[in-house]
Amino acid sequence: MTRGGYRWTLAVVAVGAFMITMDNTVVTGALPTIMRELRLSDAARDWVATGYILAFACLLVAGGRLADVLGCRATFVAGMAVFTAASAACGFATGAGPLILARVVQGAGAALALPATQVMITVGRDDRRRTVGTIVWVGAASVATAAGPGVGGLIVQHWDWGWIFLINLVPGVLVILLGLIVLTGREGKSGARVDLPGLLVSAVTLFSLTFALEHGGRHGFGDRAALGALVAAAAGTACFAWVEHRAADPMIDPRHLRDRVFAGGLASQLLYGAGFNGMIFYSAVFLQRYLGFSPPRAGLVLLPPAIAVMLLTPVAFRLADRFGPRPAIGGGLAVMACGMVWFSTIRQGDGYTDLMPGVLVVGVGAAMGMPLMVYVLKAVPEERAGVASGVVNLVREASGAFGIAILGLLVQHVPAPGASAAELERFRDGTASGLLLAAVLVLVGGLISGLTLPRRRASEF
C-alpha cells in the first residue's frame, strides 16, 4: 500500500481529508460577501453553495470503486489534482458562471480523492493502525467541518473572498507530491472492471436525490424542480438495481445491504449526521441573526466541540474496544442528543459561556460516535473497501442535506437583519423545535447502533 512509511500515509490522509471537508463548509461564512461583490442572484447563490456538494455526493461511490479497481495512488492523486486546479479557478472567478462551474469540478475532484483516503487507513492494516488512522481521519474532518464557517468569515473580513479557495493551492500541491512519493503505483483489485453503466446510473441517481434534498430544503418539496428530482431519483434507483443485477462485476454487491452491521451502521450514520449537520447549519445562522454574533465569533462557538471530538475520539475507540461498540456508540449518541436539548434552551442575551455547556456535551457525544465508521467498513470484504468508503461518505454527505431539509420544516423563516423582537422570537422557537427534532434523530440513530452493531470488542471482531 505504501512505500514511505505509515506516518507519511497518515499525513496524506489528514491533509487530504481536511481540505476536502473544509470546502464543504468554508463558503457558508463568506457567501454574503461573495453575493455582494459578484452581484449573484438568489439562484446563483444556491448553486455556489450546493454545486460542490452535488458533484461530491453523486460521484463518491464511483470514486470508491475506482480506488478499488485502479488503486489509491491513481485515484487520490488525480482527484487532488482536479480539486486543487478547480480551487484556483474558484479563487480567480470573476462571475457567477465560472465560479459555479469551478465549484462543481472541485466537488468532482474531492469525490475521487476522499474514498481513497479511507482505503489507505483500513485495507491491509492491523486493528491498532486501523484505529489510529481512523482517529486521524475523523479528527481532520471534524475540525475542518466546524472550522470552515469561521475560517470563511475571518478571511472575508480581512482579505479578498477568493482566498477561501486559494489557500488550498500550496497544501494541495504538497499533498499531491507526497502522494506520488509515499503511495505505491497500483494496488487495485486484479482483474476487476469498472462497471460503467452502474457508475453512470448511480451518479445521475445520486445527483437527483441530493439536488431534491438541497432544493427542497430551500424552496419546499412542493416545488416542481424538487418533485422532478425526486421522481428522477426513484426511477434511477430502480434502473441501478436492474443494471447491478445484470452486471458481471457490480459496483455494490446487494448482499452487503443485507448485513446487519453494514445496514444498521449506515442507518445510524444517516440519522446521526442528519441531526448533527442540521444543528450546525441552523446554529450558525441563529447565532448571527438572533444573538447578534459576528461570523467569526459564531464560528468560534462551534470550535470547542470540534476540539472535543479530536481529543476524545481516541478515548471513544478505547471504550468501544473494552466494552463493545453497542453501549459505547449507542450511549454516546444518547449523550449527544442530551447536549442538543440543552443547546435548544438558548435565550436572548446569552453569551459565549452560556452556550458552551450544551455544545461541549454535543462534542463529547459526537466523539463517542466516531468508531461507527470502522465497524461499518469491517463488515465489507477488503477488496470492496473503496466502494464501502464511498457509500459511507455518501450517507454522511446526504445526511447533511437531509438534516437541513427536515429541520427546515420547523425553521421555516430566517429573519433579515433588523427584524422585530416578535419575529426573532418566532425564529428562536422554530430553531429550538428544530434542535429538539435533531436530538430525536440522533437518539434513534443511537438506538439502532445499540441493536445492530457487534456485541464483541473490536479486537475480537
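Is it true that Val362 is buried (at least 24 other Cβ atoms within 10 Å of the Cβ), at pLDDT 70 or above and among the β-branched types (Val, Ile, Thr)? In short, yes. Do we have Phe83 as in a helix (DSSP H, G or I), within 26 Å of Arg297 (Cα to Cα) and modelled with pLDDT of 80 or more here? Criteria not met by Phe83.
Considering only the stretch 324-372, how many residues are assigned to a loop (DSSP other than H, G, I, E, B) and under 24 Å from Trp137 (Cα atoms)?
The first filter runs over the stretch 324-372 and keeps only residues assigned to a loop (DSSP other than H, G, I, E, B), leaving 324, 344-351, 369-371.
Next, only the ones that are under 24 Å from Trp137 (Cα atoms) stay: 324, 369-371.
Number of matching residues: 4.
Just one of the numbered conditions (1) over 21 Å from Ala55 (Cα atoms); (2) at pLDDT 80 or above is not true of Leu166: (1).
Pairing residues of the stretch 364-380 that are within 16 Å of Met336 (Cβ to Cβ) with residues that are of a type in the set (Phe, Trp, Tyr), at Cβ distances under 7 Å and at least 6 apart in sequence or on separate chains, gives Ala366/Phe276; Gly369/Tyr272; Pro371/Phe317. For the stretch 122-131, the criterion of a residue being within 30 Å of Leu319 (Cβ to Cβ), open to solvent by 10 Å² or more (accessible area, probe 1.4 Å), out of contact with any helix residue (DSSP H, G or I) (no Cβ under 9 Å at 6 or more places or on another chain) and at pLDDT below 80 is satisfied by at least one position.
If you check Ala192 against the conditions, is it at pLDDT below 75, farther than 22 Å from Ala81 by Cα, among the hydrophobic types (A, V, I, L, M, F, W, C) and not in a helix (DSSP H, G or I)? Walk me through it before giving the result.
Details: at pLDDT below 75: yes; farther than 22 Å from Ala81 by Cα: yes; among the hydrophobic types (A, V, I, L, M, F, W, C): yes; not in a helix (DSSP H, G or I): yes.
Here the answer is yes, as Ala192 does meet what is asked.
The residue that is least open to solvent (accessible area, probe 1.4 Å), counting only those in the stretch 272-291 that are among the hydrophobic types (A, V, I, L, M, F, W, C) and under 13 Å from the mean Cα position of the chain (by Cα), is Ala274. Picking from residues in the stretch 425-443 that are of a type outside the set (D, E, K, R) and surrounded by fewer than 18 Cβ atoms within 10 Å (Cβ to Cβ), the one that is modelled with the lowest pLDDT is Ser433.
Would it be correct to say that Arg326 is modelled with pLDDT of 85 or more and among the basic types (Lys, Arg)? Taking the combined requirement at face value, the residue satisfies it. Could you please let me know if Arg326 is farther than 23 Å from Met356 by Cα and either open to solvent by 30 Å² or more (accessible area, probe 1.4 Å) or touching a helix residue (DSSP H, G or I) at 6+ places or on another chain (Cβ under 8 Å) (or both)? Spelling it out, Arg326 is indeed farther than 23 Å from Met356 by Cα and either open to solvent by 30 Å² or more (accessible area, probe 1.4 Å) or touching a helix residue (DSSP H, G or I) at 6+ places or on another chain (Cβ under 8 Å) (or both).
For Leu377, are the conditions met, namely being crowded, with 20+ Cβ neighbours inside 10 Å and modelled with pLDDT of 75 or more? No; evaluated as a whole, the condition is false for this residue. crowded, with 21+ Cβ neighbours inside 10 Å and either of a type outside the set (Gly, Ala, Ser) or touching a residue at least 12 places away in the same chain (Cβ under 8 Å) (or both), is that true of Ala81? For Ala81, the condition - crowded, with 21+ Cβ neighbours inside 10 Å and either of a type outside the set (Gly, Ala, Ser) or touching a residue at least 12 places away in the same chain (Cβ under 8 Å) (or both) - is not met. Taking the stretch 46-72 as the range and being of a type in the set (D, E, K, R), surrounded by fewer than 24 Cβ atoms within 10 Å (Cβ to Cβ) and within 18 Å of Thr117 (Cα to Cα) as the test, no residue passes.
The values are calculated or read from the model by the stated rules, or taken from the named source; none is laboratory data. All values derive from a computational prediction rather than experimental measurement. Cβ sites come from the backbone with ideal geometry, for glycine too, and all protein chains shown count toward neighbours. The accessibility values were calculated without ligands, DNA or RNA, using every heavy atom of the protein model including side chains. Shrake-Rupley method; radii C 1.70, N 1.55, O 1.52, S 1.80 Å.
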